[in-house]
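The values are calculated or read from the model by the stated rules, or taken from the named source; none is laboratory data. Remember, it's a predicted structure, so these values are computed and weren't measured experimentally. Counting neighbours? That spans all protein chains shown, and the Cβs are built from the backbone with ideal geometry, glycine included.
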Amino acid sequence: MFFDDIKDISYEGPSSKNPLAFKYYNPVEIIDEKPLSQHLRFSIAFWHTLNYNGADPFGSNNMIRPWNDIDDPMTLAFKKIDALFELAEKLNIEYFCFHDRDIAPEGDTLRETNKNLDKVVAHIKDHLKDGKVKVLWVTANLFSNPRYVHGAATSPNPYVFAYAAAQVKKALEIAKEVGASGYVFWGGREGYETLINTDLALELDNLARFLHMAVDYAKKIGFTGQFLVEPKPKEPTKHQYDFDVANALSFLNKYGLSDYFKFNIEANHATLAGHTFQHELRYARINGKLGSIDANEGDLLLGWDVDRFPTNIYDTTLAMYEVIKNGGLYPGGLNFDAKVRRGSFTPEDLFRAFIAGMDTFAVGLKIAHRIVEDGELDEIIEERYKGYKKGIGEKIVNGEIGFEELEEYIIDKPQIVNTSGLQEYMESLLNQYILNFYLENKER
Ligand code: XLS
Ligand code: NI
Ligand code: NI
């Protein structure tokens with residue numbers, strides 16, 4: 001055991017003063033015939049939780065971790081798996097996600113690296129046996145090693161393309177072995193620094209070729225998990241090819257890939273793209289492509305991926321509104337792609353961070369559920385577009401008329417009358433839902 005001082009985190013309710021207890025996340029509480037745990041499907045990101053050591057460009061490692069004094073890389077790999085399962089079980093988190101390179105050290109050749117992986121995967125499978133914790137998704141790290149300096153599938157060097165392909169092949173086999181619900185493609189270094197040295201057309205074609213190969217191989221080995229693209233507009237490259245949902249969807253459509261993919265939407269990536277988190281979720285949802293979420297929070301004053309644990313109730317409310325309208329996230333989930341701040345370096349801080357994130361999403365879910373159930377916002381929206389339910393509007397929607405008929409219809413009509421968009425009123429309604437939730441829980 002690594003976190004001996006910390007007991008199982010339980011739900012104590014809104015009046016609890018215990019920092020190591022849930023105030024709002026009660027996993028067995030039922031909403032719409034489903035327990036909160038099934039609505040939220042929380043997941044731990046292995047990389048930020050087990051591997052982040054606190055280093056930043058100005059300072060070295062500072063995280064106090066119970067495995068800090070283990071030197072042998074394979075021993076450390078096994079122990080971190082044990083720590084992951086201990087954390088997940090204590091926090092009552094059912095899922096985790098990992099990159100191939102998070103869980104096992106690289107060897108001198110890919111063959112050796114794969115052998116290391118096999119050993120650690122066998123250890124993961126031992127832990128999976130009791131069924132308490134499962135794998136949400138797997139991915140391949142195609143960006144940390146210097147070989148990926150110019151990208152992976154979009155590298156100008158075909159040897160790099162081959163290496164990346166072999167790596168994803170192995171990661172898909174692992175995903176199948178551990179029963180992952182999904183497989184994520186985040187762009188890594190698939191992008192460019194300058195167009196002056198870049199064959200944009202070839203790089204995009206190659207990216208599509210690579211994804212087709214992945215789809216084919218998954219079919220071949222019978223991996224049936226959901227493929228997910230995780231868009232991000234910049235970082236590490238100046239321009240990432242999977243910029244945002246709209247851009248990535250059009251890429252997938254162009255190359256005949258959209259049937260096989262949904263999206264994994266990360267809050268901080270949305271804001272980096274100049275969108276709200278809700279925008280990206282909505283755009284994916286209305287296209288039937290909202291698959292999973294990387295739950296974190298950006299900092300609007302900073303232009304990079306800060307991966308903070310989410311604590312903003314306004315954002316989680318609007319996010320869960322989209323998730324409810326999506327009919328849930330299954331088989332995806334809410335993966336905390338989030339790390340503690342450098343100043344939060346104790347093991348307890350890890351637990352406090354997850355509790356904060358889980359409580360914040362539980363609150364978001366409860367408020368969003370109320371909003372959807374009351375239907376007040378929906379009614380206003382419905383009223384706003386009601387013109388398309390009858391008359392000329394209905395004909396437009398049904399594709400029954402064209403420019404000539406529309407001209408004929410409108411040409412002699414008197415002044416057109418518009419109605420208010422009610423923006424500020426609706427924003428205050430949203431506040432009312434949030435504040436009423438606060439008041440109701442205060443009285444408990
Ligand atoms: C980086 C991404 C990454 C993916 C997994 O910004 O969020 O962590 O989620 O490769
Ligand atoms: Ni992510
Ligand atoms: Ni990210």
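Working carefully through the options 94, 12, 89, 29, find the one that is more than 25 Å from the chain's Cα centre (by Cα), modelled with pLDDT of 95 or more and either β-branched (Val, Ile, Thr) or farther than 29 Å from residue 107 by Cα (or both). If you could, list the steps in order and put the result at the bottom.
Details: 94 fails: more than 25 Å from the chain's Cα centre (by Cα); 89 fails: more than 25 Å from the chain's Cα centre (by Cα); 29 fails: more than 25 Å from the chain's Cα centre (by Cα).
None of the others qualify; the one that does is 12.
Among the residues of region 130-151, are any over 23 Å from residue 350 (Cα atoms), away from ligand 1 (no atom under 16 Å from the Cβ) and not in a loop (DSSP other than H, G, I, E, B)?
yes
State yes or no: is residue 198 away from ligand 3 (no atom under 16 Å from the Cβ), of a type in the set (Val, Ile, Thr) and either on the phi > 0 side of the Ramachandran plot or out of contact with any helix residue (DSSP H, G or I) (no Cβ under 7 Å at 6 or more places or on another chain) (or both)?
Details: away from ligand 3 (no atom under 16 Å from the Cβ): yes; of a type in the set (Val, Ile, Thr): yes; either on the phi > 0 side of the Ramachandran plot or out of contact with any helix residue (DSSP H, G or I) (no Cβ under 7 Å at 6 or more places or on another chain) (or both): yes.
When the stated conditions are applied, residue 198 passes them.
Considering region 165-189 alone, what residues qualify as being part of a helix (DSSP H, G or I) and either among the polar types (S, T, N, Q) or modelled with pLDDT under 95 (or both)?
Kept after step one, since they are part of a helix (DSSP H, G or I), are these residues of region 165-189: 165-177.
Matches in region 165-189: 167 only.
Scanning for something within 16 Å of ligand 3 (Cβ to nearest atom) and in a strand (DSSP E or B), does region 214-227 turn up at least one residue? Explain how you work it out, then say what you get.
Here is the first cut: in region 214-227, the ones within 16 Å of ligand 3 (Cβ to nearest atom) are none.
The answer is no; no qualifying residue exists.
In region 114-125, is there at least one residue being crowded, with 17+ Cβ neighbours inside 10 Å and among the polar types (S, T, N, Q)?
Within region 114-125 (the criterion being crowded, with 17+ Cβ neighbours inside 10 Å and among the polar types (S, T, N, Q)), the answer is yes, since at least one residue qualifies.
Any residue in region 62-80 that is within 22 Å of residue 344 (Cβ to Cβ) sitting within a Cβ distance under 9 Å of a residue that is at pLDDT below 95? List the pairs, counting only those 6 or more apart or interchain.
66/1
Does residue 328 satisfy being within 16 Å of ligand 1 (Cβ to nearest atom) and modelled with pLDDT of 95 or more?
For residue 328, the condition - within 16 Å of ligand 1 (Cβ to nearest atom) and modelled with pLDDT of 95 or more - is not met.
If you scan region 113-163, which residues turn out to be free of Cβ contacts under 8 Å to residues at least 12 places away in the same chain, closer than 21 Å to residue 85 by Cβ and of a type outside the set (D, E, K, R)?
122, 131
Name every residue in region 179-195 that is surrounded by 16 or more Cβ atoms within 10 Å (Cβ to Cβ), away from ligand 3 (no atom under 16 Å from the Cβ) and hydrophobic (A, V, I, L, M, F, W, C), in order of residue number.
180 - this is the single residue of region 179-195 that is surrounded by 16 or more Cβ atoms within 10 Å (Cβ to Cβ), away from ligand 3 (no atom under 16 Å from the Cβ) and hydrophobic (A, V, I, L, M, F, W, C).
Please count how many residues of region 156-178 are buried (at least 21 other Cβ atoms within 10 Å of the Cβ) and small (Gly, Ala, Ser).
3
Scan region 196-242 for residues that are in contact with a Ser or Thr (Cβ under 9 Å, 6 or more places away or on another chain), among the hydrophobic types (A, V, I, L, M, F, W, C), under 18 Å from residue 156 (Cα atoms) and buried (at least 19 other Cβ atoms within 10 Å of the Cβ) and jot them down.
Within region 196-242, 207, 210 meet the criteria.
Looking at (1) under 20 Å from the mean Cα position of the chain (by Cα); (2) loosely packed, with under 12 Cβ neighbours inside 10 Å, which is the one condition that is false for residue 391?
With (1) under 20 Å from the mean Cα position of the chain (by Cα); (2) loosely packed, with under 12 Cβ neighbours inside 10 Å applied to residue 391, the lone miss is (1).
Starting from region 291-311, take each residue that is more than 20 Å from residue 245 (Cβ to Cβ) and away from ligand 1 (no atom under 13 Å from the Cβ) and list its partners that are outside any loop (DSSP other than H, G, I, E, B) and not hydrophobic (A, V, I, L, M, F, W, C), counting only C-beta distances under 6 angstrom and pairs at least six apart or across chains.
Qualifying pairs under 6 Å: 309/357; 311/360.
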